[in-house]
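Q: After the structure tokens below, expect a handful of questions from me.
Read-outs throughout are calculated quantities, based only on the coordinates presented, and are distinct from any laboratory measurement. As the structure is a computational prediction, the values presented were derived from the model and not from experiment. Every residue, glycine among them, receives a Cβ derived from its backbone with ideal geometry; neighbour counts consider all protein chains shown.
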Amino acid sequence: MMIIHLIYLLQNENPETSKVNHKKINKNIKRNNEEVTADDPFINLKKRQRQNEDYIGLAYKDLVSANESVLQVTIELLLPSKYRVPELCLIMNTAVNKGNGKFGFLDVFVLGECYTNIELKYIPLTGLVSNTDARDLNANELGELDKVIEREDEDILLRRQYRYYDKKTNKYIRTTINDVLNNGAKQLERYMRIIAKGQANKYSTGVCDERIKIINSNPNKLIGFVIVVIGFRRIIWRSVDEKSTNYRYIKIN
């Protein structure tokens, strides 16, 4: 199943938290639109991670500009184009106007034997630094922080505070990595409930995306993963409860 190869690519041996392999990402970007096969050499993840230090060091220069959009593009490039639908458009509420919660957008929808729903969250190191040190850190200092995050116990990591700017309220919001993970899971579950309803219309919620054709079928499964990337080396992910749907989803070329 496609998502399994994605998770193996992103994770180390711990099933809940992992390290990013940049060399593997670059390799898969070059292989865009090719199938991810089960014989990829994932067993050498640790060795290749150490070989990527130079690349990671250069990447720190762009820490401030790194965001969820960059993460989403990276994930998309790891998946064959015929299976992925980024930013799947949903009608969440038919009673409100555009801009008031009418629409929702699933980060990545993946077609296959099961329909995989991916919600992505990115936490920049600068958002963590702002809670502990008012000054800006240089590339070397950010690199050291990234290494600390990489090895940090998950319970401690989840309690870390994170600050981000909320455009809607025009204020800085303080939260924790655990809250980001849990809120992402709740959001993903809402999206999956809507997707399970099939095609939206004037009176009912559902999928509203011209890239997808939806037809009646025997029951199918919707599975979901929320993936939180912290800095450049650490990934935490969770699965959510699967949903059943009486529809097939077909990508229109």
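Q: Within the set of other residues whose C-beta is less than 12 Å from the C-beta of Asn183, count the net charge using Lys and Arg as +1 and Asp and Glu as -1. Don't skip to the end; give the middle numbers.
A: Numbers: positive: Lys121, Lys186, Arg190, Arg238; negative: Glu119, Asp179, Glu189.
Charge balance near Asn183 sits at +1.
Q: R0 = 22 Å: FRET efficiency of Lys98 with Asp166, Cβ-based, nearest 0.05?
A: Efficiency for this residue pair is about 0.65.
Q: Can you check what the net charge comes to around Asp241, using other residues whose Cβ is under 13 Å from the Cβ of Asp241 (Lys, Arg +1; Asp, Glu -1)?
A: Details: positive: Lys186, Arg190, Arg193, Lys221, Arg238, Lys243; negative: Glu189, Glu242.
Net charge in that neighbourhood comes out at +4.
Q: If you take every residue apart from Tyr162 with its C-beta less than 11 Å away from the C-beta of Tyr162, what net charge results, scoring Lys and Arg +1 and Asp and Glu -1? If you can, show how the numbers build up before the last one.
A: On the way: positive: Lys121, Arg159, Arg160, Arg163, Arg174; negative: Asp179.
Net of charged neighbours comes to +4.
Q: For region 88-168, which GluC sites (Glu not before Pro) are both in a DSSP coil and crowded by at most 16 other Cβ atoms within 10 Å?
A: Glu113, Glu152
Q: Would you mind putting 246-252, 179-185, 163-169 in packing order, based on average other-beta-carbon counts within 10 Å, highest first?
A: Most protected by this proxy first, the peptides run 179-185, 246-252, 163-169.
Q: What FRET efficiency, computed as 1/(1 + (r/R0)^6) with R0 = 30 Å and r the Cβ-Cβ distance, is obtained for Ala139 and Asp179, rounded to the nearest 0.05?
A: 0.55
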